[in-house]
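Here it is: the structure, laid out below.
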Amino acid sequence: MAKLTKPFIEQIPATGKLQVIYDDDKKAPSGFGVTVSPKGVKSYFVRYAYNGIDKRAVIGKVADWSLTAARLEAEDMRKAFAQGRDLKAERRAAIEAAKQARRDTREGRNTLEALIGDYHAYLKARGKPSAGEAYRRLKRHVIDAQPDLAKKPAREIVPDDVMTIIRKVAGEGKERTADQVRAYLRAAYSIAMRAPYDPLLPAELKDYGVQSDPTAPIAVIPVRTSERVLTRKELVNYLHAIEGEDLQQKALKLALYAGGQRMSQLLRAKLSDYDAEHKTLTLYDGKGKRAQPRVHVLPLGPVAASIVRGLVERARSLSSDESEDQGPPFLFASRGAAMYPGEPGKYLRELIDANGWPSFNLRDVRRTVETEMARLGIGKDIRAHVLSHGIGGLQDKHYDRHAYTTEKREALRKWERHLAGLMAPKKKAGKVVALGARA
């Protein structure tokens, strides 16, 4: 025992063994003292009896407590012991509660819903046209339809949870949508798993702690591939139905005359993407796993160029009162942003219903364009460059840097002449019901 003072405590040397020194000062509560670890770490403690067993409770390190404060804390602790409380157990419980609170906070942030949001942000940052569609699908069929699962920590989602989501969508007769939801979830989990080891992925994705992919065991849902190709008569009727000033009509017409372009890419074209001198429209093909969208330059034929000139004038008039800081406006601006890719498709479905036509969609129109181009003698390679098909061979990916501008221009002019021939008076359309003008 010794009368503890700050200078006395500071000069106690480390001996390689644990030292326990009780305070002999009359001001000190009974059982108060200081320990010195074998390596010289000094801590205040108080000794007490609990259920007849002697115990020693650590108050804190000498470096963190004044001697007076430590003595007062020891007095309070002894009073608690006298009331039958086990402060050591209470302290362990408090530490565990704090850890659990941190886990709950972390898991509250890193839910499946949050992962979906971060996945959407990741796709947008990479300029992926599918970003909006992916989020809308996941929000509708996961966040809104399965709120309990959406609030669950992403790392705790298991294959049965994913099947609950997928079965509900498939049970509504939406097999294609169900497989899209599966694919989007798989992609989200893939980047969350890679994030801790890939410096190019957003840092926040590594915080999910995802160790396995709950979508991995889920089978791909087979979707019947359409082989639908419009007949010449159907194509003529379609051409007549999309003649008009409605913005959806212009989108459908330009997609067709420009060689069957993907609507999602076409609608994201901006004023700066049109080269009036060379009559080219540049699209950006972000489809697939490309780190950067592929530049897709379209040398337009006369009809397509005329449509784009009208869109350019419209875009300029809409942006005349806006700040240039907002960047070049979209050619198909609708309510201050790019037109939603689903709008032309919805217009087409309404057109089909109004005329009682056999059903077809924009993919069928794109397939029809390629089929008709093949009949015109346009080669497979040139068709691939016009329609921006995946060109993934070693030669194409690494060595062939020819832009094919001349070949594409000739193909698109040939295509426009073919459509003009179909629209000639001798190719009369059936009775076509036009839809009312849209805002």
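The values are calculated or read from the model by the stated rules, or taken from the named source; none is laboratory data. What you are looking at is a predicted structure, and each value in this text was computed from that prediction instead of being measured. No Cβ is skipped: glycine too gets one built from the backbone with ideal geometry, and neighbour counts run over all protein chains shown.
What's the total number of residues in the range 124-142 that are part of a helix (DSSP H, G or I) and more than 19 Å from Arg176 (Cα to Cα)?
First, the residues of the range 124-142 that are part of a helix (DSSP H, G or I): 124-125, 131-142.
Restricting the remaining residues to those that are more than 19 Å from Arg176 (Cα to Cα) gives 124-125.
Qualifying residue count for the region: 2.
Which of the following residues is touching a Lys or Arg at 6+ places or on another chain (Cβ under 8 Å) and at pLDDT 90 or above: Leu311, Leu266? Outline the logic, then answer.
Values: Leu266 fails: touching a Lys or Arg at 6+ places or on another chain (Cβ under 8 Å).
None of the others qualify; the one that does is Leu311.
Please tell me if Ser264 is loosely packed, with under 14 Cβ neighbours inside 10 Å, in a helix (DSSP H, G or I) and of a type in the set (Gly, Ala, Ser). Spell out how you get there, then give the answer.
On the way: loosely packed, with under 14 Cβ neighbours inside 10 Å: no; in a helix (DSSP H, G or I): yes; of a type in the set (Gly, Ala, Ser): yes.
No: the conditions fail for Ser264.
Next question, about the same structure. When you go through Ile9, Ile21 one by one, which is the residue that is part of a helix (DSSP H, G or I) and buried (at least 16 other Cβ atoms within 10 Å of the Cβ)?
Numbers: Ile21 fails: part of a helix (DSSP H, G or I).
The conditions single out Ile9.
Here's another thing I want to ask about it. Give Lys17, Lys42 a once-over and let me know the one that is touching a helix residue (DSSP H, G or I) at 6+ places or on another chain (Cβ under 6 Å), assigned by TED's automatic domain parsing to the domain that holds Thr68 and more than 15 Å from Glu73 (Cβ to Cβ). Steps first, answer last, please.
Details: Lys17 fails: touching a helix residue (DSSP H, G or I) at 6+ places or on another chain (Cβ under 6 Å).
Only one candidate passes the filter, namely Lys42.
Is it fair to say Pro358 is within 29 Å of the chain's Cα centre (by Cα) and modelled with pLDDT under 95?
Criteria not met by Pro358.
Next question. Looking at the range 255-274, can you tell me whether even one residue there is without any contact (Cβ under 8 Å) to a residue 24 or more places away in the chain and either in the same structural domain as Ile191 (by TED's automatic domain parsing) or among the hydroxyl-bearing types (Ser, Thr, Tyr) (or both)?
Checked the range 255-274: no residue is without any contact (Cβ under 8 Å) to a residue 24 or more places away in the chain and either in the same structural domain as Ile191 (by TED's automatic domain parsing) or among the hydroxyl-bearing types (Ser, Thr, Tyr) (or both).
Kindly list, by first and then second residue, each pair from a residue in the range 279-298 that is under 19 Å from Tyr184 (Cβ atoms) to a residue that is surrounded by fewer than 18 Cβ atoms within 10 Å (Cβ to Cβ) and modelled with pLDDT under 70, limited to pairs with Cβ atoms under 8 Å and residues at least 6 apart or on different chains.
What qualifies is Lys287/Gly390; Gly288/Gly390.
Checking Leu4 against (1) assigned to a strand (DSSP E or B); (2) aliphatic (A, V, I, L, M); (3) modelled with pLDDT of 90 or more, only one condition comes out false. Which one?
Single failed check for Leu4: (1).
Another question about this same structure. Filter the range 38-51 down to residues that are farther than 20 Å from Ser66 by Cβ and either touching a Lys or Arg at 6+ places or on another chain (Cβ under 8 Å) or hydroxyl-bearing (Ser, Thr, Tyr) (or both), then give me how many there are. Show your work before the answer.
So the first thing to find is which residues in the range 38-51 are farther than 20 Å from Ser66 by Cβ, and the list is 38-39, 47-51.
Then drop every residue that is not either touching a Lys or Arg at 6+ places or on another chain (Cβ under 8 Å) or hydroxyl-bearing (Ser, Thr, Tyr) (or both), which leaves 38, 47-50.
Looking only at that region, the number is 5.
So which residues in the range 373-427 are among the basic types (Lys, Arg), within 33 Å of the chain's Cα centre (by Cα) and at pLDDT below 90, if there are any at all? Before the answer, list the steps.
Let us first name the residues in the range 373-427 that are among the basic types (Lys, Arg), namely 375, 380, 383, 397, 401, 408-409, 413-414, 417, 426-427.
Imposing the further condition that a residue be within 33 Å of the chain's Cα centre (by Cα) reduces the set to 383, 397, 401.
Hits for the range 373-427 are Lys397, Arg401.
Now a separate question. Go through the range 28-57 and give me each residue that's in a loop (DSSP other than H, G, I, E, B) and surrounded by fewer than 12 Cβ atoms within 10 Å (Cβ to Cβ). Steps first, please.
Keep residues of the range 28-57 that are in a loop (DSSP other than H, G, I, E, B), which gives 28-31, 37-41, 51-52.
Correct list: Pro38, Lys39, Asn51, Gly52.
Please count how many residues of the range 58-77 are basic (Lys, Arg) and crowded, with 18+ Cβ neighbours inside 10 Å. Break it down stepwise before answering.
Restricting attention to the range 58-77, the residues satisfying the condition of being basic (Lys, Arg) are 61, 71.
In the following step, the residues that additionally are crowded, with 18+ Cβ neighbours inside 10 Å were identified as 71.
So the count comes out to 1.
Just a yes or no: is a residue in the range 214-226 touching a residue at least 40 places away in the same chain (Cβ under 8 Å) and under 30 Å from Val432 (Cα atoms)?
Looking for residues that are touching a residue at least 40 places away in the same chain (Cβ under 8 Å) and under 30 Å from Val432 (Cα atoms), one finds at least one in the range 214-226, hence yes.
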